[in-house]
Amino acid sequence: MCGLSGEIRFDKRPADVAAVERMTDRMAARGPDGRGVWSLGAVALGHRRLKIIDLSERGAQPMTDSEALLTCVFNGCVYNYRQLREELRQLGHRFVTTSDTEVVLKAYRQWGRDFVQHLVGMFAVALVEHDTGRLVLARDRLGIKPLYLAELPGRLRFASTLPALLAGGGVDTSLDPVAVHQYMSWHATVAPPRTVLAGVRKLPPATVRMVQPDGTHRDHCYWQPSYTRRDAFAGMGPDDWRDAVLDALRTAVRRRMVGDVPVGVLLSGGLDSSLIVALLAEQGQKDLATFSVGFESEAGEEGDEFVYSDQVARHFGTDHHQLMVPSDRVATALGDAVAAMSEPMVSHDTVAFHLLSELVSKEVSVVQSGQGADEVFAGYGWYPALASVEREQEPRRYEEVYFDRSHADLAKILQPHMLPDHDVSAEYIRAHMAAPGAETALDAALRLDTHVMLADDPVKRVDNMTMDWGLEARVPFLDHELVELAAACPPELKLAEGGKGVLKQAGRTVLPRNVVDRPKGYFPVPAVRHMAGPVLERVRDALSAPAARTRGLFRDDYVASLLAAPDEHRTNRGANALWQAALLEIWLQTHGIH
């Protein structure tokens, strides 16, 4: 619901408040309803506010608990804040606001580092202990809310967006070759703590970092499902799992109704978003606003799924809004979408989310979205191939079905100075797959996709695009209790019916069957996927710009081959290779990185 920023210095000098103000102002779009800056000696905090809970000025941030000598800034929403406030009252705490931010402060006062264990929601938190000078940074379990870090000489800066850190100044903007390797291998995903910039890192999900005044720090990972069959669910059959998943999703959707403003839904017409609409209607939400986006066709590919979203909207009587985007607008919208990216993201639906968020923000300030269901419930087409191999074969099979290209391919694409001396992306996958837990090969793949790939592709995409319009997106499929349940669910129930079998069974109890049984859809933007004229022109300009030639990221012969046949070169996963290469350059140039 907001953007946070700050600095802690380790050289006994006062924090650079002017730099924190620049970072804070760079995030005005994330928090159009208020601005605040606070400092005490070596630490300064900044905040931009989007009013969702406690619309009064008492809910403004940075927020200080003068009795406990604590100050914090907070981005996100604690869905159980009312229950927690009552629990903390019973423990003797007094409240002066009705905000979830004050609940975060009191929770830390009561439970210390373990305060995150009591929070149900999405959040990034920066909290300062006045008396010790210690800084506490925390991120939610699934990494729904971002937190970027920049270590500079004698100081640490942090912010909700990478561009905000750049606005503070002094960041090392050289490229990280390992991160670029991951970007080119994993469909633009860069695993935490890395980003494509050597001087910027991100706090991993489910992590609390305690930063001492001398600059030392310790990280604590506070949550990770086991991805094994648990005794608590022994004896459950398919119908039991169906009911358990539906009940957990009901809870997740209900939790995300909390707030002092109306909540809408991004409705594609697919199973995931339609389930959210059905459960909101079931729980009595009236005049539910739903929103869909579509694009003009290109190269024979349809650019909208309105026939499905319209059907769901009619069935549940929602207040439905459509946005049809002409192809010539995609090229102009691309620049705004890239400017909103904290990291380069190649999925063509990024532009769609940005345009849709513009429409939605004129009607509501909060929406629920269906992101995450495919990773959590095994909805993608490559999962059956992973389920058929032995555990020790899984890393290689994962590379075969998921990677865009091999290390050998990258040797023909990247200039020598940008190519690591070994396959760092495959090395990461092997280490993750070998970690304790995960009973089967599919369990290991779902753990990787849910806790790494999901946070740093679709979830980041939705956060960046919606918050650029002051719109808060909530993702019930990433409710941590639902994820724990899905992690324990037998793989064959998730793989059934071509993927998401147990979720489809749950859907049939509340949705028309043809909504559940329709072919799997995507969020198509044909003008990007097929390099339509204006988009191709923007791509050519970026790859031929002086900054691109100076940077020397890609081999000249590779770029020439892509530009000679822009719609023919595809990655192993079918993505447009020209778009993937060009988007990195467009992002770097957009953010002034030379």
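Quick rundown of the values:
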item: Lone unmet requirement of (1) without any contact (Cβ under 8 Å) to a residue 60 or more places away in the chain; (2) within 23 Å of the chain's Cα centre (by Cα) for I53; result: (1)
item: Within region 143-158, considering residues that are small (G, A, S) and more than 17 Å from the chain's Cα centre (by Cα), the one least open to solvent (accessible area, probe 1.4 Å); result: A150
item: Whichever residue in region 358-392 is among the β-branched types (V, I, T) and buried (at least 22 other Cβ atoms within 10 Å of the Cβ) and, among such residues, is farthest from L267 (Cα to Cα); result: V376
item: Members of region 68-96 that are over 29 Å from the mean Cα position of the chain (by Cα) and without any contact (Cβ under 8 Å) to a residue 60 or more places away in the chain; result: A68, E86, E87, L88, R89, Q90, L91, G92, H93, R94, F95, V96
item: Region 100-143: number of residues that are of a type in the set (S, T, Y) and in a helix (DSSP H, G or I); result: 2
item: Residue count for region 124-142, restricted to those that are crowded, with 24+ Cβ neighbours inside 10 Å and not aliphatic (A, V, I, L, M); result: 3
item: Any hit, region 91-99, residues being surrounded by 24 or more Cβ atoms within 10 Å (Cβ to Cβ) and within 24 Å of A252 (Cα to Cα); result: yes
item: Entirely in region 243-357, the strands (runs of 3 or more DSSP E) that have 3 or more residues that are open to solvent by 10 Å² or more (accessible area, probe 1.4 Å) and within 24 Å of A532 (Cβ to Cβ); result: 319-325
item: Pair list, Cβ under 7 Å, 6 or more apart: region 476-498 residue of a type in the set (D, E), other residue open to solvent by less than 10 Å² (accessible area, probe 1.4 Å) and assigned to a helix (DSSP H, G or I); result: D479/A252
item: Residue in region 208-220 that is in contact with a helix residue (DSSP H, G or I) (Cβ under 7 Å, 6 or more places away or on another chain), in a loop (DSSP other than H, G, I, E, B) and in contact (Cβ under 8 Å) with a residue 12 or more places away in the chain present; result: no
item: Some residue of region 508-519 being over 30 Å from P238 (Cα atoms), surrounded by 20 or more Cβ atoms within 10 Å (Cβ to Cβ), modelled with pLDDT of 90 or more and in contact with a His (Cβ under 9 Å, 6 or more places away or on another chain); result: no
item: Segments classed as helices (runs of 4 or more DSSP H), wholly inside region 462-576, with at least 3 members that are in contact with a strand residue (DSSP E or B) (Cβ under 7 Å, 6 or more places away or on another chain); result: 526-529
item: Residue match in region 256-267 (condition: closer than 29 Å to Y108 by Cβ, in contact with a Pro (Cβ under 6 Å, 6 or more places away or on another chain) and touching a residue at least 60 places away in the same chain (Cβ under 8 Å)); result: yes
item: Selection count, region 436-459, where residues are surrounded by 23 or more Cβ atoms within 10 Å (Cβ to Cβ) and in a loop (DSSP other than H, G, I, E, B); result: 2
item: Hits in region 183-198 - residues which are more than 22 Å from L478 (Cβ to Cβ) and open to solvent by less than 10 Å² (accessible area, probe 1.4 Å); result: Y183, M184, S185, V196, L197
item: Hits in region 94-141 (condition: among the aromatic types (F, W, Y) and closer than 20 Å to D260 by Cβ); result: F95, F123
item: Residue within region 161-169 that is in a loop (DSSP other than H, G, I, E, B) and under 24 Å from G133 (Cβ atoms) present; result: yes
item: Enumerated helices (runs of 4 or more DSSP H) restricted to region 358-415, each holding at least 3 residues that are free of Cβ contacts under 8 Å to residues at least 40 places away in the same chain and over 28 Å from R250 (Cα atoms); result: 394-402, 407-411
item: Candidate set from region 57-87 (those that are aliphatic (A, V, I, L, M) and within 23 Å of T466 (Cα to Cα)); member that is modelled with the lowest pLDDT; result: A60
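The values are calculated or read from the model by the stated rules, or taken from the named source; none is laboratory data. Remember, it's a predicted structure, so these values are computed and weren't measured experimentally. Positions of Cβ are backbone-derived with ideal geometry, glycine not excepted, and every protein chain shown enters the neighbour counts. Remember, those area values only see protein heavy atoms, side chains included, never the ligands or the DNA or RNA. Shrake-Rupley method; radii C 1.70, N 1.55, O 1.52, S 1.80 Å.
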